[in-house]
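Reading through the structure tokens given below for one structure.
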Amino acid sequence: MVMEWSTDSVPAAARFDQWREACCEHVYALTPERASRGSAFHGAIARRQLGALDVTDIACDGHVVRRREQDISECPGDTYYIYLQRQGRAWFDQRQRRCVAEAGDIVIADPNLAFSTGTDGAFDFRLWRIDRARLRPLLALRSGELPMLRIGREQAERELIASWLDALLRQHASLSPASLELAVGTLCALVAGAAGAAPELREPTRLARRQALLQRVMREVERRAPEMDLTPERIATSAGLSLRSLHQLFLLADCSFHEFLTRTRLARAHALLRDPSAHHLGTAEIGFAAGFAEVSTFYRRFRQRYGMTPGEWRAG
């Protein structure tokens with residue numbers, strides 16, 4: 001379920017004050033500041049709960065936001081957060097250090113350390129909040145604090161974390177509570193690996209990294225499954241892996257690379273056979289569109305998987 005709020009229904013003169021209250025309710029206790037009150041302010045918040053994760057999308061006109069010591073003392077946070085810059089650029093100042101997030105960058109931070117943030121254009125970001133008690137034991141915090149950490153698009157860890165977050169959003173509705181808990185645990189290990197994991201937990205973070213890399217490879221296979229000449233070598237090259245490393249990754253799955261590719265193509269054909277927009281295609285053409293190079297292979301595999309031929313399934 002998604003909670004949505006925007007300034008659209010608020011009188012123009014009261015919008016920024018209402019925005020401040022909404023931020024304090026749905027994000028953290030913050031002190032938004034705006035130099036010009038002459039023009040109408042626009043802002044929107046969409047918030048959802050995914051098991052132990054809180055996900056908030058924010059898009060609004062540019063202004064300066066401070067999380068002051070006073071805000072922290074009045075409302076300390078019980079989470080850490082993962083900030084994903086979706087569009088534009090934002091800056092963060094914390095303890096005489098500036099961090100600039102470009103579109104696609106991730107920032108990991110502790111809301112109990114004061115900071116200020118702003119943008120030259122508009123804010124457009126997604127905020128994931130992770131239970132503090134769950135992530136903190138995984139971190140190697142020398143000073144006991146987690147300073148703001150930018151993970152840029154050029155860093156491999158950024159892609160793994162971002163793709164895992166995307167998978168959580170896409171698949172959470174189909175996950176059992178236990179599976180969702182495991183997925184959140186993997187996310188915590190990925191974040192700890194990027195922010196500095198405690199020495200005794202470095203092996204679990206390496207495993208989490210491999211799981212995230214497998215998920216990213218699987219998404220690439222799903223995207224390219226209709227290519228009849230798709231090979232493990234091509235996927236390995238696009239993922240920056242050796243062929244041996246690719247096959248080792250699939251040891252974490254319940255199938256081999258080739259089995260996963262076949263399943264993906266069969267699922268695509270299965271959906272196309274019931275898709276009204278594909279009714280003009282024959283069953284053999286459906287097989288080709290799904291990525292099968294031979295009709296006999298498509299028919300045999302489909303029957304093995306679904307217990308009937310493609311034509312019988314279409315007739316339903």
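Under the condition of being hydrophobic (A, V, I, L, M, F, W, C) and within 18 Å of Ala189 (Cβ to Cβ), which residue from the stretch 157-177 is surrounded by the most Cβ atoms within 10 Å (Cβ to Cβ)?
Ile161
For the structure I just gave you, tell me whether Ala194 is assigned to a helix (DSSP H, G or I), within 15 Å of Tyr83 (Cβ to Cβ) and more than 14 Å from the chain's Cα centre (by Cα).
Against the criterion (assigned to a helix (DSSP H, G or I), within 15 Å of Tyr83 (Cβ to Cβ) and more than 14 Å from the chain's Cα centre (by Cα)), Ala194 qualifies.
Determine, yes or no, whether Asp110 is touching a Pro at 6+ places or on another chain (Cβ under 9 Å) and surrounded by 15 or more Cβ atoms within 10 Å (Cβ to Cβ).
yes
Can you tell me which of (1) more than 19 Å from Trp128 (Cβ to Cβ); (2) open to solvent by less than 40 Å² (accessible area, probe 1.4 Å) is the one Ile45 doesn't meet?
Failing condition for Ile45: (1).
Residues are listed down the side, and each one gets a yes or a no for (1) more than 16 Å from Leu160 (Cα to Cα); (2) touching a Leu at 6+ places or on another chain (Cβ under 7 Å); (3) part of a loop (DSSP other than H, G, I, E, B):
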site: Ala208; (1), (2), (3): no, yes, no
site: Arg216; (1), (2), (3): no, yes, no
site: Glu220; (1), (2), (3): no, no, no
site: Pro226; (1), (2), (3): yes, no, yes
site: Glu233; (1), (2), (3): yes, yes, no
site: Ser238; (1), (2), (3): no, no, no
site: Arg244; (1), (2), (3): yes, no, no
site: His247; (1), (2), (3): yes, no, no
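Of all residues in the stretch 113-137, which are open to solvent by less than 40 Å² (accessible area, probe 1.4 Å) and either closer than 24 Å to Ala183 by Cα or of a type in the set (Asp, Glu) (or both)?
Asp124, Phe125, Arg126, Leu127, Trp128, Arg129, Ile130, Leu135
Take the residues in the stretch 1-11 that are loosely packed, with under 12 Cβ neighbours inside 10 Å and out of contact with any His (no Cβ under 9 Å at 6 or more places or on another chain); name whichever of them is modelled with the highest pLDDT.
Here the residue is Glu4.
Assuming Asp105 fulfils every condition listed in (1) at pLDDT 95 or above; (2) under 20 Å from Ala162 (Cα atoms); (3) open to solvent by 20 Å² or more (accessible area, probe 1.4 Å); (4) of a type in the set (D, E, K, R) apart from one, which condition is it?
With respect to (1) at pLDDT 95 or above; (2) under 20 Å from Ala162 (Cα atoms); (3) open to solvent by 20 Å² or more (accessible area, probe 1.4 Å); (4) of a type in the set (D, E, K, R), Asp105 is out only on (3).
Going by the structure shown, is Thr205 touching a strand residue (DSSP E or B) at 6+ places or on another chain (Cβ under 8 Å), buried (at least 18 other Cβ atoms within 10 Å of the Cβ) and polar (S, T, N, Q)?
Spelling it out, Thr205 is indeed touching a strand residue (DSSP E or B) at 6+ places or on another chain (Cβ under 8 Å), buried (at least 18 other Cβ atoms within 10 Å of the Cβ) and polar (S, T, N, Q).
Those residues that are within 25 Å of Glu159 (Cβ to Cβ) and charged (D, E, K, R), I need them from the stretch 98-135; list them, please.
Within the stretch 98-135, Arg98, Glu102, Asp105, Asp110, Asp124, Arg126, Arg129, Asp131, Arg134 qualify.
Of the residues that sit in the stretch 249-268 and are part of a helix (DSSP H, G or I) and of a type in the set (A, V, I, L, M), which one is farthest from the chain's Cα centre (by Cα)?
This residue is Leu266.
The values are calculated or read from the model by the stated rules, or taken from the named source; none is laboratory data. Predicted model only: the values in this text are computed from it and were never measured. Because the Cβ atoms are built from the backbone with ideal geometry, glycine has one as well, and the counts that use them run over all protein chains shown. Note: accessible area is taken over every heavy atom of the protein model, side chains too, but ligands, DNA and RNA are not part of it. Shrake-Rupley method; radii C 1.70, N 1.55, O 1.52, S 1.80 Å.
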